[in-house]
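Take a look at the structure below.
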Amino acid sequence: MTIEEIFSRLSAHSIRGMMIHEQMANYYDFLGLHGFKRCHDYHYLDETLQHRKIQKFYINRYSKLVPDSKVDSSSVIPEAWYKTTRQAVDKITKRNAVESGFREWIDWERETGTILAEMCIEAEQQGDIVAGEFLRDLIRDNAKELKKAERMHIKLESTDYDMTFIAEIQNELHAKYKAKIKEVI
């Protein structure tokens, strides 16, 4: 894979990450879980800034635009949700959706880590240590996000995704991520 191909793939994956976090924000907003929604609002904004960072790095390092690449536009939101109201979602469906949403997020972040590592190795094998270091920074950011998602997932699993517990932590999460959003914008 050439450096151009690496960054084209990275750019497309970055756009997909923005799409996933936007969809997850809508997912949790629909479920009435404003803390989880705000968490994904923050990650959407963070991914957007990271995408700009990728674009700027490539332009300034190689004096070229990152070539466009096909972006997967599939949705993480179940189709059935588009035909109902948030008030019609029962407690069991909501509980299962929270569990499924966290699994989706963690799987995405794990996949991202694997892809970034492959790209870093490829760039360094081509002798582009600067690109490799840039990718290492992205790998570290990804590892931090994955760690936080996995910790919350473990906490939720330990309560068997108890909806009372989930409801109780929403205000704290909302305040935390509202403050974090103010830091990035």
Kindly list, by first and then second residue, each pair from a residue in segment 166-184 that is in a helix (DSSP H, G or I) to a residue that is open to solvent by less than 40 Å² (accessible area, probe 1.4 Å) and modelled with pLDDT under 95, limited to pairs with Cβ atoms under 7 Å and residues at least 6 apart or on different chains.
none
Which of (1) part of a helix (DSSP H, G or I); (2) free of Cβ contacts under 8 Å to residues at least 60 places away in the same chain; (3) within 26 Å of Ser14 (Cβ to Cβ) is the odd one out, the single condition Ile154 does not satisfy?
(3)
Which one of the conditions (1) closer than 25 Å to Ala12 by Cβ; (2) without any contact (Cβ under 8 Å) to a residue 12 or more places away in the chain; (3) not hydroxyl-bearing (Ser, Thr, Tyr) does Lys83 fail to meet, given that it meets all the rest?
(1)
Any residue in segment 95-106 that's farther than 18 Å from Met19 by Cβ and in contact (Cβ under 8 Å) with a residue 12 or more places away in the chain: show its pairings with residues that are hydroxyl-bearing (Ser, Thr, Tyr) and crowded, with 17+ Cβ neighbours inside 10 Å at Cβ separation under 6 Å, as long as the two are six or more apart or on different chains.
Arg95/Tyr161; Val98/Tyr161; Glu99/Tyr161
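Among the residues of segment 1-31, how many are of a type in the set (Gly, Ala, Ser) and within 25 Å of Leu173 (Cα to Cα)? Reasoning before the result, please.
Of the residues in segment 1-31, the ones of a type in the set (Gly, Ala, Ser) are 8, 11-12, 14, 17, 25.
Those still in the list that are within 25 Å of Leu173 (Cα to Cα) too: 14, 17, 25.
Number satisfying all stated conditions: 3.
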Checklist (1) surrounded by fewer than 13 Cβ atoms within 10 Å (Cβ to Cβ); (2) at negative phi applied to Ser63, failing item:
(2)
Restricting attention to segment 153-168, which residues are aliphatic (A, V, I, L, M) and crowded, with 17+ Cβ neighbours inside 10 Å?
Leu156, Ile166
Pick from segment 81-138 the residues that are outside any helix (DSSP H, G or I) and either within 23 Å of Thr2 (Cα to Cα) or of a type in the set (Asp, Glu) (or both): which of them is least open to solvent (accessible area, probe 1.4 Å)?
Asp128
How many residues of segment 18-60 are β-branched (Val, Ile, Thr) and open to solvent by 30 Å² or more (accessible area, probe 1.4 Å)? The answer is 2
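The values are calculated or read from the model by the stated rules, or taken from the named source; none is laboratory data. Model, not experiment: these values are computed from the prediction. All Cβ positions, glycine included, derive from the backbone under ideal geometry; neighbour counts span all protein chains shown. Just so you know, the surface numbers come from the protein's heavy atoms only, side chains and all, with ligands and any DNA or RNA stripped out. Shrake-Rupley method; radii C 1.70, N 1.55, O 1.52, S 1.80 Å.
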